Structures are given as structure tokens and as C-alpha cells.
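Laboratory data are not the source of any read-out in this text; all were calculated from the coordinates shown. Please read all numbers here as calculations on a predicted model, not as lab measurements. Using ideal geometry, Cβ is built from the backbone for each residue, glycine included, and neighbour counts are taken over all protein chains shown.
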Amino acid sequence: MLDPIILGQIGWTSLATTSYYVLFAVAFSLVLKVNRLFNFTQAAAMSIAFYAAYATVNLAGLPLIVGLAVSLVAVLLFSWLIETYGFAILREKKASVLFIFIFTFMVSEFVAYLLMLTFGTWPNTIFKTLLWPVSLVGNVAVSHWDVPAIASAASCCLLLALFLRFTRWGQFMIAVSDNPDLAELYGIDKRRVFLLAVMIAGALCAVGMILYGSRSQVQPKTSLELMLFATVATIVGGIGNIWGAAIAAIALGFVQNASVLFIPSQLQGLLLYAFLFVAIIFFPAGLKLPERKRTFESKTRQITPAPGVATPADKPAE
Amino acid sequence: MDFFYVIVIMVGIYVILATSFNFVIGYGGLISVAHPAFFALGAYASGILARDLGWPVLLTMPIGALFAFASSLLISLPSLRVSGDYLMIASIGFQLGLVEVIKHVSFTGGPGGLTAIPQFLVRDYGTVSYVIFTLVIAVAVVLVTRRIVNSDYGRAISALRDDELAFATLGKNAMWLKIWVIALASGLAGLAGAIYAHYFRFVAPEQFEVLQSAAMLTMVVVGGMRTIWGPVIGAILLQTLPQAITFINLPPSILGPLQGLLFTGVVLLFMFFRPAGLIPAPAIWQGGTSAPIDRKGKLDVRGA
Amino acid sequence: MSAVLEIKGLNKAFGGIRVADEINLSLHAGRVLGLIGPNGAGKTSLFNLVCGVVKPDSGEVFLDGAPLAGLKTFERARLGLARTWQNIRLFPSLSVLDNVLIGANDYPGTKLTNVLFRPGMVRAAAYRNLEKAHGILARCGLSDTHDKLVSDLPYGRQKLVGVARALMSDAKCLLLDEPMAGVEGHSYAAIQAVVREVAASGIAVGVVEHNVAFVRDLCDEGVFMFSGKILARGAVADLISDRQLTELYFGT
């Protein structure tokens, strides 16, 4: 059973399927880090991105590049709407975490229903077929979907990394995520940074959904499960650690693919929930916005907050 | 007439669901979307015990409720150990995962649903008896909830919601209080599920999907979070008004999403334009009336 | 005389910042100990460590000789440890009276089974607590505002409610975190009187305070803290007249 060819095949397929997982996880983790909110509207953004591409490519028969453009426009528009007329207003009103959660959840469901009405509840794909030609490399089957998928996910991550590292706005983002009030004192416009984070996350979702939707079927509620996967990766990777989430997404993807060797296929769907509970039980430190972690991270590059400001005396930093 | 009975029974069931959900999110301030899962657990547990083991429904209904009550520990124990954010994520996972499990095991009837669940009361005493039964339980649930939130317990829950750390430094065990709040509400949702199962005699996984919690949230938010009568009004309004569109002959594939759109759209509108709901909660905790004192602060010696 | 609260070799660092550096300290029954020092000296952090809000890296805390290690915040409070907060942390959706009532140590109403199945017991406790709470409110001069929302009270009175809430628990040791910051006039005098009374009744009191006059008038003894260390212990008057410490305090 543990034939090297099978292992090689599983390894390769895992790597390929983790391409979209990574994008979703990075998107979720980015908004959590910068905006400090669990952005469950990401499921809506993902569905919108998919159906925009689906309508353009599958229904209208236009080339994929047009599909990608339409998808990006749709998702960026949605992200802008959500941030400007949703999150920004809720922040201004100092809405509670509960209130913000209800908002994100309801938006996701509202969009899911809207898409059900428009496109029906049955599964769809971006291209008319899910079958991709396969070439053999060594003895491992490499689908023609695999390489472009891995390449686009990797280049998205690289672009994001470069953006955060070298551009002004990227550094503003890190500064805001470390201490929004302090960043504001330095003249950084918080609202624009928050908007930017949500829009970047939306764009990553668009690429991810095009990858996913050209290989698997999508229904209006598929994105919720995909987002849950991103959430698990974010927990395992550690809050505020974007690349940790990406690595966690790859690791979870590998486990999920390798599990075909150990557990019956009808139970595969339950694996995600097993991951979730393992994450909650064994990674409790991941899921608090820990002040301590932030001071470690802020050692390098960005505007470092003054030591006195960083530890509010009354806040427990367990 | 039967159509009318169905609506009244559904109103009763949703009064229980919305009231208990409000207990968790409104009074407890705890973020969970797994209420439909506990609704399902009660329905399936009671339905299976009555159908496959032949136990009397009067016994399986409370067992279904207890089963949901106990199952809530699966999400509350691991997640509340850490922080409130975990509960939110654990509840999403539990909700999606449970529906997945129900679809994949055979004794639940899988995706096709559980059929031929034994009826209760209806055959012997007619539908009206079941309508009365449902309404009596719904009223009891509302009254018991009112008693709890106005008692010393309610004061403690309010304090916990306001400031957990300050609450803990006053010698109160915040974690177990939260676990109990979730367990009680989940038990009530399970009871509602059992009532549902033994009337409609058929339950299927898609009736308990996460989208269901949108309906419950709508009732709570529109009616008025953290009030006793808000969720009741919400349940009545949102169970009866959408019936209007069922009269337009639309295929179910459109009707379902349309109703969902209505529910979620209404909540979003309320959130921005009337966040307190139809019945706004008072700014100050109103309980304590059962304590031997009137609110003027004079001690009522009769209570001693 | 044995100590009510005994802190032995307590250490804690957040990242690179040491908030507690080998702290040894004891609080005695009926005495008021003042903790003074500049901002960031680790005074509030010491309270957090003692209450179990923050876990120490090493060291021990004893209350009445019993070790507190491994106990959660609420368990420590039940053993007789009460505190107030710099930013008060009252319950905004409760009235003044209900804020104080929550402080009661004997509060069977936190158990649902009691509320549903033993209403008599809950009622009896509620009655006792009510009487006690009204007594405490009267002592603090808050009786007239007992049914007000705490946010409707002026700042000083809110601080007073915080003290009243802490008193409700029959603590053996009371830790007050800047009870006087932002307080003047009537409330100032009231807090001062209440703290004196509390100490006189045999409770060990620890106070973090920047108001030098208050500390000097009230505290039997003081310690000077600086960057997580206790630099000196002695009469408050001596500490504040010490030139070296004054320089540290004002950062000159």
C-alpha cells in the first residue's frame, strides 16, 4: 500500500489542491490580523467570485482571462461595499463582537440565498468539464490544472509578501495590525488600511475560487465549508501570523489527501470537523489576539510602539 | 384548517427556539450558530428511540431534550476553556459537521431523512390536542426563561456578559455559568426538535442546516434581543408573514431561497436602522422582583 | 503577626519587559500598605498576578497560609481576595445595588439548579445579601443612588461603587487599584473613610495610588516599586522624602 509511486502521487496531488486552501487561509488570516475581525463575509466574497467567473466563462463562453477580470471586479466591489457600508459603520457605532458576527453571518447567508435564486442550488463548474489532460512525470500523473494552480497561488503569496514588505501601504497595514491607535497618531488612515485588507483578501478569494471551481463543483453553500477550512488553518497557524496560516493550510491539505489511505472515502467529508476540534483542543493559544506575540513580531521593520504603550496594565495577557 | 394548525404548531416550536436562542446570544452574549444542530439532535434522538426501539413518545421527548442538553458540552467544554471567539468557530464547525454526520450514518436515514416517526396525541385526540400541547410547552418555556433571567441567575448572567474578568474576580465561575446557559438553551432546542419530529413524522438533514440559524437569529434580532417578549413576537411575525408568499404558486426551489432572502434581508435592515428590534431591551437589568424587596430599596419583611 | 497575603519570589516578564522581579511582600490584617512608584513599575501587574488574572513565571502567593498556585481567579476570590480596578470595571447594565449584590460571596443564584429547584434557599440568601448590600451602600453614602445605572453616576461615585462591590465579598484581603485617580470632593472623603473603616475591621489592604497625600494619610506602611522590583519598604513619609526614589519617580 505504501508504494512510493502512490505516495508521490498523493504528495503531488496534495500540493496542487492546497493551492486554493492557501489563498483562502491567507485571506482570512490577513483580515483577522489587520482588521481584527473574523470576516465570515469571506464566504460571500468567495461565492460571488465563483459565480461571476462561472457566468462569464461557462454561461457566456468567454475566455478565462475575462472571467478572472469579471470575478475580480465583482469581488472587489463587494469587498468595498461591505467595508464601507458595513464594517466601517459598525466600527463607528462601536458595535459589539456579537453584533459584528451576526452581520458577517447574515451577509454570507443573504448572498448565498441570492445566488441560489439566481443560479439555482445545483452544483456548477467554471469550465464545462472538470476533466483535465494528464501527463506522466516519472510515474506521477500531473494534471494540466496542477502546475498553473500552484504557480498562481505561489505568485499571489509572493506578491502579497512583497507588498507587505516593501510598499508604503503594506507597511501601514502591519503598523495598523500592531496598534491601530498608535498608527493613527503617525498619520496612517486606518479606514483606508482596513478597506485595503478586505479588498486584498477578496482578490485572493477570487483567484482561489477560480482554481477551486475549475476542478470541483460549487454550490452557493460550498464556500462556507471552504471558509471553515481557512478558519481552522488560521487557528493552527496562530492568530496574526499570515504565513503560519498558509503553512497550516498546506499541512492540513496534505493530511486530508493522505487520509484516503487510512479512512473510508465516505468519511472524508468529516475530516474537516475533526481538524477543527483538534485545533480547538490543542491550539488554544492560537486564538486570542495575544499582546505578547505582537511585541515579538514587532521587533523587526515597522514602526515599533513605545514599550510603555504596548502593555496596557489592566489587560490580562495570559 | 390543517394548514392553520401547522402554522400554529410551527409558531409554538419557533417560540421555543427563538426564546432559547435569545437566552444564549441575547442574555448570555455568547456567539453560537449551532442552535439548529441541537434542534436536530432532539428531533432525531426522540424520533429514532420512538420508532426503532418503540419507546413511548412521552419518554423519548424529554430524552431528546436531555441528549441535546448533554451534547452541547461537546462545543462548550473545549471552546469556553479558552475564549468566546472559540465558541463562535466551534459552533459553526459543530453545526456543519453534525449535518454531515447525519447524512453519512445509516440509522438516521442518511440524506433521505428519517421517515415514519411515530405520532403523538394526534391519532387518539386529534390535531387540536397537539396544537395545545405545543403551545403549553412554548408558554412554559417562555415563563421559565422569564423567571430565570429575572432571578439572581439573570443578574449573574448580565454581569458576566458585561465584564467577564470583573465577574471572575468577584468569585464567580464564569465558565460553568456559560456552559449551563448553552446547555439549557440547547436542551430546549432539542425539546422543540422532538415536538417537530412527532408531528411532521419526517425529518431530513437539510431542515437543520446552518441557514436555519439565520431564521432564528432574525426572530431574535427583529423581535428584540435580551427581552422576553421580543423573540416571541419575532417568532410569531416571521412564521406567519412569510406564509403570505406561499400562496403565490412558486416552485419550492425558488420559495426556499426567497424566504431565506427575506429573513436575512430583514435582519440586515434592522441591524442598521433599528438595532434594538421591535421591543428594545431596557438599559438596566429589570430583575430582582422575585427577591423580597421592592425596587424602592425598602426591605419587605414578609419575605424573611 | 502572620501575614494575610504573602508573596514570595514572584517573577513575571512579558516579552522583554519584566513586570515582577523577585517580588517578596506581605500584607497584614488591619494594616494598609501603599504601593507607590512611577507608571509601568509593575504595581497593577502585581495585583493581576496575585488575583490569578496573569500567571507568574515563578514564585508563590499565599492567602492566610494557603498556597494560591494553580487556583483560578474566581477560586482565589472565594478564598477571600477582593480587588478594585484602575478603570473601575463596573457592570454597565446593572444598577448600583445590583453591582454590589453580585459581589456577594454567598450567592447560590449562580447555580441554575438552585434557582429552579431550591428557590427557598436562593431567596433566603438574596434577602441576607440585600440587607448587607444596603448596609454597605449606606456606609459608602450611596443609598440615594442605589437604583441608578452606574454610567449615570459621576466618576468618583463609580469608584466608590467599585469599592462597595469589593467589600460585599467579606474579603480578608482587599487590593485597591488607584481608588483616588480622578476622584475629588465628597467621594474622596467617602473612600478615605471607608478604607480606614475596612482596615480597622481587620482586613489587610493594599493600595496602588499616585495621590501622595492620600497614601501618606492612610497607609501604615509603603513600598516603592520600580521596573518590577521593590526598591524600598518603610514609612510612607520616608519613602516620599527620599531623594533617590523621588528622582526615579519623576524620571529626572
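So how do B:108-116, C:211-219, B:44-52, A:57-65 stack up, highest first, on mean other-Cβ count within 10 Å?
B:44-52, C:211-219, B:108-116, A:57-65
With springs only between Cα atoms under 10 Å apart, run a GNM on chain B and tell me which of B:Leu258, B:Leu160, B:Leu87 wobbles the most.
Top of the fluctuation ranking is B:Leu258.
Non-local amide H neighbours of C:Arg83 (under 5 Å, H modeled in plane, Pro and chain starts lacking H): which ones?
Answer set, sorted by chain and number: C:Leu175.
Please identify, among C:Val115, C:Val236, C:Val32, the residue showing maximal mean-square fluctuation in a Gaussian network model of chain C using a 10 angstrom Cα cutoff.
C:Val115
If we sort A:12-22, B:3-13 on the protection proxy, mean other Cβ atoms within 10 Å, highest first, what's the order?
Details: A:12-22: 23.2, B:3-13: 18.1.
Descending mean neighbour count gives A:12-22, B:3-13.
Please work out the C-alpha center-to-center distance from region C:80-107 to region B:137-178 and express it in whole Å.
Cα centroid to Cα centroid, the span is 15 Å.
In the structure displayed, which of B:Lys172/C:Lys43; A:Lys93/A:Lys190; C:Lys12/C:Lys55; C:Lys72/C:Lys229; B:Lys172/C:Lys111 lie more than 19 Å apart, Cα to Cα? Mind showing how you got there, number by number?
Values: B:Lys172/C:Lys43 24 Å; A:Lys93/A:Lys190 16 Å; C:Lys12/C:Lys55 8 Å; C:Lys72/C:Lys229 25 Å; B:Lys172/C:Lys111 10 Å.
B:Lys172/C:Lys43; C:Lys72/C:Lys229, as the Cα separations exceed 19 Å there.
When a/c is below 1.5 the answer is rounded, else prolate if a/b is larger than b/c, else oblate, so apply that to region B:22-117 with a ≥ b ≥ c taken from the square roots of the Cα gyration tensor eigenvalues.
The shape class here is prolate.
In chain C, if every C-alpha pair distance is counted and binned at 10 Å from zero, what percent goes to each bin?
Each 10 Å bin holds this share of Cα pairs: 7, 30, 35, 21, 6, 1, 0.
So if R0 is 22 Å, what FRET efficiency would B:Ile132 and B:Leu241 give, r being the distance between their Cβ atoms, rounded to the nearest 0.05?
Working: r = 24 Å, r/R0 = 1.08.
Between B:Ile132 and B:Leu241 the formula returns 0.40.
Would you work out if region B:177-290 is rounded, prolate or oblate? Take a ≥ b ≥ c from the square roots of the eigenvalues of the alpha-carbon gyration tensor; rounded if a/c is under 1.5, else prolate when a/b is larger than b/c, oblate otherwise. Before the final figure, lay out the partial values.
On the way: a/c = 2.24, a/b = 1.30, b/c = 1.72.
In terms of gyration-tensor shape, oblate.
Using the Cα centre of the protein assembly as shown as origin and beta-carbon charges of +1 (Lys, Arg) and -1 (Asp, Glu), tell me which of A:Ala149, C:Phe47, B:Leu58 is placed farthest towards the positive end of the dipole.
B:Leu58
Give the percent of DSSP beta bridges with both residues in chain C that are antiparallel, rounded to the nearest 5. Show your work: numbers first, answer last.
Details: 21 of 37 bridges.
So the antiparallel bridges in chain C amount to around 55 percent.
Most fluctuating residue of A:Ala249, A:Ala49, A:Ala112 in a GNM of chain A with Cα springs under 10 Å: which is it?
In this elastic network of chain A, the residue with the biggest mean-square fluctuation among A:Ala249, A:Ala49, A:Ala112 is A:Ala112.
Averaged over its residues, how many other protein chain Cβ atoms are within 10 Å of peptide A:271-280's Cβ atoms?
Across the residues of A:271-280, the mean count of other-chain Cβ atoms within 10 Å is 5.
To the nearest 20 Debye, how big is the dipole of region B:2-209 about its Cα centre, given +1 on the beta carbon of each Lys and Arg and -1 on that of each Asp and Glu? Walk me through the intermediate numbers first.
Working: 11 positive and 11 negative charges, 64 e Å.
The calculation lands at about 300 debye.
What does the charge dipole of the protein assembly as shown about its Cα centre add up to, to the nearest 20 debye, if the Cβ of each Lys and Arg holds +1 and the Cβ of each Asp and Glu holds -1? Can you show the working numbers first?
Numbers: 64 positive and 52 negative charges, 90 e Å.
Computed charge dipole of the protein assembly as shown: roughly 440 debye.
Across peptide A:98-104, what mean number of C-beta atoms from other chains lies inside 10 Å of a residue's C-beta? Please list the in-between numbers first.
Numbers: counts 10, 5, 2, 8, 12, 4, 0.
Average per residue, whole number: 6.
May I ask you to work out the translational diffusion coefficient for region B:2-209 at 25 °C, viscosity 0.890 mPa s, via Stokes-Einstein with Rh from the Kirkwood sum over Cα pairs, reported in whole µm²/s? Present the calculation step by step, with values, prior to reporting the outcome.
Numbers: Rh = 17.4 Å.
Answer from the Stokes-Einstein relation: 141 µm²/s.
Considering only DSSP states other than H, G, I, E and B, which chymotrypsin sites (Phe, Trp or Tyr not before Pro) in region B:97-142 qualify as loop sites with at most 13 other Cβ atoms within 10 Å? Display every interim value, and only then the final one.
Values: sites: B:Phe107, B:Phe120, B:Tyr125, B:Tyr130, B:Phe133; in loops: B:Phe107, B:Phe120.
Those that pass, being in a loop and sparsely packed, are B:Phe107.
Roughly how crowded by other chains is peptide B:209-216, in terms of the mean Cβ count from those chains within 10 Å of each of its Cβ atoms?
Values: counts 2, 7, 8, 1, 2, 8, 1, 0.
Average per residue, whole number: 4.
What residue among B:Ser129, B:Gly190, A:Ile126 has its Cα farthest toward the positive end of the dipole of the protein assembly as shown, where the charges are +1 on Lys, Arg and -1 on Asp, Glu, each on the Cβ?
About the Cα centre, the residue reaching furthest to the positive side is B:Ser129.
Taking the beta-carbon count within 10 Å as an exposure proxy, list A:Val193, A:Val137 from fewest neighbours to most.
Ranking A:Val193, A:Val137 by Cβ neighbours within 10 Å, fewest first, gives A:Val137, A:Val193.
List every residue whose amide H lies under 5 Å from the amide H of C:Glu221, counting only residues 5 or more places away in sequence or on a different chain, with H placed 1.01 Å from N in the peptide plane.
Amide H to amide H, under 5 Å and 5 or more residues apart or across chains, C:Glu221 pairs with C:Val32, C:Gly34.
Using packing as a proxy for protection, rank B:25-35, C:90-100 so that the peptide with the highest average count of other Cβ atoms within 10 Å comes first.
Details: B:25-35: 26.3, C:90-100: 24.5.
Order by mean packing, descending: B:25-35, C:90-100.
Compute the relative contact order of region A:183-258 as a whole-number percentage, counting only Cα pairs closer than 8 Å that sit 6 or more residues apart in sequence. Working shown, then result.
Working: 27 pairs, mean separation 10.9, N = 76.
Taking the mean separation of contacting Cα pairs over the length of region A:183-258, I get 14 percent.
Per residue of region A:223-239, in order, report the coupling 6.51 cos²θ - 1.76 cosθ + 1.60 (Karplus, θ = phi - 60°) as ³J(HN,Hα) in whole Hz, putting x for Gly and Pro.
The phi angles translate into 4, 4, 5, 4, 5, 4, 4, 4, 4, 4, 4, 5, 5, 5, x, x, 4 Hz.
Angle between the Cα long axis of helix C:155-167 and the longest principal axis of chain C, 0 to 90 degrees, nearest 10?
So the helix axis and the longest Cα principal axis differ by about 80 degrees.
In terms of the Cα gyration tensor, with a ≥ b ≥ c the square roots of its eigenvalues, is chain A rounded because a/c is under 1.5, prolate because a/b exceeds b/c, or oblate? Write out the running numbers ahead of the final one.
Working: a/c = 1.79, a/b = 1.40, b/c = 1.28.
It is prolate, given that a/c is not under 1.5 and a/b is the larger ratio.
Cross-link partners among aspartates and glutamates for A:Lys221, C-alpha distance below 19 Å, same-chain residues fewer than 8 apart left out?
A:Glu109, B:Glu100, B:Glu206, B:Glu209
Output the relative contact order of chain A, whole-number percent, from Cα pairs under 8 angstrom with separation of 6+ residues. Walk me through the intermediate numbers first.
Details: 408 pairs, mean separation 105.0, N = 318.
It comes to 33 percent, rounded to a whole number.
Tell me which residues come under 5 Å, amide H to amide H, from C:Ser26 once H is placed; ignore anything under 5 positions away on its chain.
Placed amide hydrogens put C:Ile7 under 5 Å from C:Ser26.
Can you list the residues of region B:53-97 with backbone N under 13 Å from a point 7 Å past the Cα of A:Ala251, pointing along Cα to Cβ?
none
If you project the alpha carbons of the protein assembly as shown onto their three principal axes, what span does each projection cover, largest first, in Å?
Sorted from largest, the Cα extents of the protein assembly as shown read 86, 74, 52 Å.
What do you get for the angle between helix C:119-139 and the principal long axis of chain C? Use alpha-carbon atoms, 0 to 90 degrees, nearest ten.
The angle comes out at about 50 degrees.
Under the definition of Cα pairs under 8 Å and six or more residues apart, what whole-number percent is the relative contact order of chain B?
On the way: 478 pairs, mean separation 93.5, N = 304.
Relative contact order comes out at 31 percent.
As an exercise, identify the GluC sites (Glu not before Pro) in region C:166-235 lying in DSSP coil whose Cβ has no more than 11 other Cβ atoms within 10 Å.
Working: sites: C:Glu184, C:Glu197, C:Glu209, C:Glu221; in loops: C:Glu184, C:Glu209.
Qualifying residues, ordered by number: C:Glu184.
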